[in-house]
Amino acid sequence: MRRWLPSPLLSCSLLLMWLMLNQSVEPGHWLLGGALGLVAPLLARPLQPHGHARLGRPLALFRLLWLSAIEIVRSCFNVSQIILLRRSADVNSQFIRVPLELRSPHGLALLSCLINSTPGTVWVEILPDTHELLLHVFDLHDEQWWVDTIKTRYEQPIMEVFETPQRKTEGDRR
């Protein structure tokens, strides 16, 4: 079953989206939407070299996304204010390094999306030798605040969601 229908939820979502975009429930649209729902996940399978993500704590994911949405809106106002009301000479644009413990490819992808969605910050790269995130901040005042914010507001919840906790061994329980 998984061979022909690798992602049933995605297939259903694609079918429903097709029907909504076409604003029709005629049999032809059901057929085309069903074909899209079957073929698209099969063609996308090679693009997932690490397999499907396993969500450890979905509620932590919703809390993370909610707090991220608030941060994005707040940053929109802050960056707009900086652009409209400050002189460009007063803006302190800098690169900073944030050490990361997160190793999950899916978690790193989510962290990248959240950082790049927040106005005023850009994910530049992960430095491979030190596993540090190189981050560009539009108006930097306190580098340690940014490091703490990335690690506590973003990295920790993402690790809760995507990385499985280590099981305790018999020696750890004593």
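Return yes when Thr118 is under 29 Å from Arg57 (Cβ atoms) and within 15 Å of the chain's Cα centre (by Cα) and no when it is not.
yes
Say whether the condition of being part of a loop (DSSP other than H, G, I, E, B) and either farther than 14 Å from Gln156 by Cα or assigned by TED's automatic domain parsing to the domain that holds Ser68 (or both) is met by at least one residue in region 103-113. Yes, there is a match, as at least one residue in region 103-113 is part of a loop (DSSP other than H, G, I, E, B) and either farther than 14 Å from Gln156 by Cα or assigned by TED's automatic domain parsing to the domain that holds Ser68 (or both). Remark: pairs (first residue in region 1-30, on the phi > 0 side of the Ramachandran plot; second residue among the small types (Gly, Ala, Ser); Cβ separation under 7 Å; 6+ apart in sequence or on different chains) are absent. Among the residues of region 141-157, is there at least one that is aliphatic (A, V, I, L, M), in the same structural domain as Gln94 (by TED's automatic domain parsing) and at pLDDT below 90? No, there is no match, as no residue in region 141-157 is aliphatic (A, V, I, L, M), in the same structural domain as Gln94 (by TED's automatic domain parsing) and at pLDDT below 90. Residue-level analysis places Val39 among those that are free of Cβ contacts under 8 Å to residues at least 12 places away in the same chain and either under 30 Å from Pro128 (Cβ atoms) or assigned to a helix (DSSP H, G or I) (or both).
Taking the criterion of being at pLDDT 90 or above and outside any strand (DSSP E or B), the residues of region 116-129 that qualify are Asn116, Ser117, Thr118, Pro119, Gly120.
Touching a Gly at 6+ places or on another chain (Cβ under 8 Å), at negative phi and among the charged types (D, E, K, R): is that true of Asp139 in this structure?
yes
Annotation: of all residues in region 138-162 being touching a helix residue (DSSP H, G or I) at 6+ places or on another chain (Cβ under 7 Å) and surrounded by fewer than 17 Cβ atoms within 10 Å (Cβ to Cβ), the one that is nearest to Asn78 (Cα to Cα) is Asp139.
The values are calculated or read from the model by the stated rules, or taken from the named source; none is laboratory data. All values reported here derive from a predicted model rather than from experimental measurement. No Cβ is skipped: glycine too gets one built from the backbone with ideal geometry, and neighbour counts run over all protein chains shown.
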